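**Q** Take this structure, written in structure tokens, and hold onto it; I'll ask about it next.
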Amino acid sequence: MNSLLHHNPLLSLWQNSHQLPPFELIRPEHFLPAFKAGFKEHKLEIEKITRDSEDPNFENTIEAIELAGQTLKKIAPVFYILTAAHTNDDLIALQSEINPLYTSHISAIETDAKLFQRVKRVYDAKPDLNQEENQLLLETYKKMVRSGADLSEADSKAVQRLDTELSVLQTNYGQNVLKESNRFELIVDTEEDLKGLPKSVCESASNEAKNRGHTGKYLFTISRSSITPFLQFASNRELRERIWKAYTHCANNENDYDNKSIAEKIASLRSERANLLAYHSHADFMLDDRMAAKPENVRALLDKLWGPAKRKAENERDALQKMAQSEGENFKIAPWDWWYYTEKIKQESFDFDSEKIKPYFELTRVRQGAFDVATKLFGITFNQIENQPSYHDDLETFEVKEANGTLIGLFLTDYFMRPSKRSGAWMNALRSQCTFGTTQYPVVFNTCNFPKSDPAFLGMEEVTTLFHEFGHALHGLLSKVKYESLSGTSVKRDFVELPSQIMEHWAIEPAVLKEYAKHHETSEIIPDAYIDKIQETRTFNQGFATTEYLAASYLDLNWHEIRLSGKVPNAIDIEEKAMKEITLLDEIAPRYRSTYFQHIFSGGYSAGYYSYIWAEVLDADAFEEFKKNGIFDDKTARSFRENILERGGTAEPMSLYKQFKGAEPDVKPLMKSRGLL
């Protein structure tokens, strides 16, 4: 082994108590040699499987594939955690180099003709297997077929080429959004321009300005946690327009970070790839492996919700216009006015001031509230541990244990926004639970972009985000499966949001609020009057929230349902056509527009952004079961844990859901929760 590999901390045995990466020793230059070593090891292991002289069977082929590539499974999560949560110029450059290499490596294995013949022989033999083994066989076979292994050699090579090219484009797309987001800074240095903004918002903006070298000023970004309160409260309409346009034109400014041509090329290549695999469109290809099954089923759900949501949004718009006129304004409500006048109506109609409740939602107490919910539901505990390896001071680590003290896994949180972190909130796993090959417990992360202050307070949307991502974490932590590739959140995309979204319900349950929502200075429990206001406003502005989300879901489908036949689409035309078809209100923009829609162009949600509303049908229906039996009912919680959280991807999602509920879900609870009935 050469010197560079010998001293590479990524390839060494991680000897701390929980075998975490030694972040303090890892440098950007360690990654490429480590990946190359992992590629070489993995390739040799696959070649050994294909050279096996014994007839292929489940053990020497399917389980052997499952065991292969342990070095890559160890180092790749480290790289992708850092490039998302704490990147720098060196890592950004490496990402552009490593991503296509990684994609090419995986694609070559998944289209290996000799390997596929062995897998196919096992699949065709229909061996006598248990449920999880059979699911692993099915998923291994399907993955290779969907990667092009069953095509002619020429077409298979074409799919590999497209995969590699797409990897480069998707990486560039995400990097452009990060760079463009960091480029925009709204700096405010006069009291007049701060008018209307609450003290806590100003303090966060002051801290952000100081962190970026603008001490004594106030800095707002297009991160949701920064732009949302600005649009809610800033009296200066011109500045509201400026920051709204910066957000909705992110990576769409005809500069080096413009994503229009990249999105067009991604859609074109995806269509070409789908056609090679005998699918009409990329949407057909993606949905063939989802609960929804086909695009028309997705559109049927979206269409069912669109009419009621749009009518509700129209009523909301009219109320906003009336409010503006009552204040002597004669302009027509514009998108940058929506949040501002919505907040005014909320205060007037419900006597609800969102800033007054913030002192009851101090970040560490909200997190403890989520922990306590999990303890009451599942009997598990969370204990913070110090002096663990960390890539940033914001990272905090918790041991998660069963009631009897048995270690379940580690949970790490990284909550605050910074320029080195991409926007949004997410859960990922450094290590996934499994018992095959070696027994390993999960190590999962929750990463968010909350404004940093001391103490840090959350708005209701951020409280919901924390509980949402914690639900994903529980899905990873409570996994109890044999095979790593079926562990935790390794489920169909339109099922993965069920565990996360159902947790949002507990966040605002009155009994739960009284446990964790306490004033940061006096420890006073949140008053009943405030809880009543939170409950009363649950369906407030849901016309807007639902239509902006659904509009983005339609936009996703319009990008990916088209059969391009070699033609490159036009980003502006696709977006305008999509919004014209649904007659989206002029005052509302889709939640994400084409040039910064990372879910579908650099994430894993292409033709799948509908998944949140699809899963909301499941979570609203499932929570009805909890409400019927008691929100902390032991039997219901145990069934949810055993049939949903522990099972990962070991069975088809609807089968798992019916095992929990005893029936398929009903859409009515969703309609009710969004105020659309």
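The values are calculated or read from the model by the stated rules, or taken from the named source; none is laboratory data. Because the structure is predicted, anything quoted here is derived from the model rather than measured. Every residue, glycine as well, gets a Cβ built from its backbone with ideal geometry; the counts of neighbours run over all protein chains shown.
**Q** Out of the range 392-416, which residues are more than 19 Å from THR439 (Cα to Cα) and either small (Gly, Ala, Ser) or in contact with a helix residue (DSSP H, G or I) (Cβ under 6 Å, 6 or more places away or on another chain) (or both)?
**A** If the condition is that a residue be more than 19 Å from THR439 (Cα to Cα) and either small (Gly, Ala, Ser) or in contact with a helix residue (DSSP H, G or I) (Cβ under 6 Å, 6 or more places away or on another chain) (or both), then ALA403, ASP414 are the ones that fit.
**Q** List pairs: first in the range 546-559 and outside the structural domain of ARG299 (by TED's automatic domain parsing), second part of a helix (DSSP H, G or I), Cβ under 8 Å, 6+ apart or cross-chain?
**A** Within 8 Å, no pair qualifies.
**Q** Within the range 431-470, can you find the residues that are surrounded by fewer than 24 Cβ atoms within 10 Å (Cβ to Cβ) and of a type in the set (Gly, Ala, Ser)?
**A** GLY437, SER453, ALA456, GLY459
**Q** Against the definition (modelled with pLDDT of 95 or more and outside any loop (DSSP other than H, G, I, E, B)), how does LYS658 come out, yes or no? Give the steps one after another, and end with the answer.
**A** On the way: modelled with pLDDT of 95 or more: yes; outside any loop (DSSP other than H, G, I, E, B): yes.
Taking the combined requirement at face value, the residue satisfies it.
**Q** Check whether at least one residue in the range 617-626 is more than 21 Å from the chain's Cα centre (by Cα), crowded, with 21+ Cβ neighbours inside 10 Å and under 22 Å from TRP306 (Cβ atoms), and report yes or no.
**A** Yes.
**Q** Do we have any residue at all in the range 478-495 that's assigned to a helix (DSSP H, G or I), in contact with a helix residue (DSSP H, G or I) (Cβ under 8 Å, 6 or more places away or on another chain) and modelled with pLDDT under 95?
**A** Start the filter on the range 478-495 by keeping residues that are assigned to a helix (DSSP H, G or I), which leaves 484-486.
Restricting the remaining residues to those that are in contact with a helix residue (DSSP H, G or I) (Cβ under 8 Å, 6 or more places away or on another chain) gives 484-486.
If we keep only those that are modelled with pLDDT under 95 too, we end up with none.
No.
**Q** With within 28 Å of PHE436 (Cβ to Cβ) and in contact (Cβ under 8 Å) with a residue 60 or more places away in the chain as the only criterion, which of GLN170, GLN131, GLN95 stands out?
**A** Working: GLN170 fails: within 28 Å of PHE436 (Cβ to Cβ); GLN95 fails: within 28 Å of PHE436 (Cβ to Cβ).
The unique qualifying residue is GLN131.
**Q** Now for a separate question. Looking only at residues that are crowded, with 22+ Cβ neighbours inside 10 Å, out of contact with any helix residue (DSSP H, G or I) (no Cβ under 6 Å at 6 or more places or on another chain) and not hydroxyl-bearing (Ser, Thr, Tyr) in the range 189-229, which one is nearest to ALA324 (Cα to Cα)?
**A** ALA205
Let's see how each residue does on (1) exposed (fewer than 15 other Cβ atoms within 10 Å of the Cβ); (2) more than 30 Å from ARG27 (Cα to Cα); (3) assigned by TED's automatic domain parsing to the domain that holds MET460:
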residue: LYS344; (1), (2), (3): no, yes, no
residue: PHE378; (1), (2), (3): no, yes, yes
residue: SER390; (1), (2), (3): no, no, yes
residue: GLU399; (1), (2), (3): no, no, yes
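Residues checked against (1) closer than 20 Å to GLU652 by Cβ; (2) surrounded by fewer than 23 Cβ atoms within 10 Å (Cβ to Cβ):
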site	(1), (2)
PRO499	yes, no
MET503	no, no
ALA507	no, no
ALA511	no, yes
GLU521	no, yes
GLU524	no, yes
PRO527	no, yes
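**Q** Go through the range 546-570 residue by residue and tally those that are modelled with pLDDT of 95 or more and among the small types (Gly, Ala, Ser).
**A** The qualifying residues number 3.
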